[in-house]
1. So, in region 1-43, how many residues would count as being hydrophobic (A, V, I, L, M, F, W, C), open to solvent by less than 50 Å² (accessible area, probe 1.4 Å) and not in a helix (DSSP H, G or I)?
2. Of all the residues that make up region 44-68, how many are in contact with a Lys or Arg (Cβ under 7 Å, 6 or more places away or on another chain), assigned to a helix (DSSP H, G or I) and open to solvent by less than 40 Å² (accessible area, probe 1.4 Å)?
Amino acid sequence: MDRAGIASRVKKVIANQLDVDEGKVSETSSFIDDLGADSIDLVQLVMAVEKEFEIEMEIEENKAEIQTVGQAIELIFIKAR
């Protein structure tokens, strides 16, 4: 799957998981500052993404580097190949 397809699926998962309008989810959106996620939301989001893409993500290893939707999409794109 190409990056655009993955980005679309990731945005849908994020919107559903965080109960926000999908139009508010952009690649520059910060999970915490823009989308209002807390630490529990982020754990649940990781689990939803793992299920959607059938991948495994290491939360602790990537927590510091994944602050925005775009950073998450990039990591998922790499792992889903």
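1. Number of matching residues: 5.
2. Count: 0.
The values are calculated or read from the model by the stated rules, or taken from the named source; none is laboratory data. Just so you know, these numbers come straight off a predicted model, no measurement behind them. Note that each Cβ is placed from the backbone with ideal geometry, even for glycine, and that neighbours are counted across all protein chains shown. Surface accessibility is based on the protein's heavy atoms, side chains included, excluding ligands, DNA and RNA. Shrake-Rupley method; radii C 1.70, N 1.55, O 1.52, S 1.80 Å.
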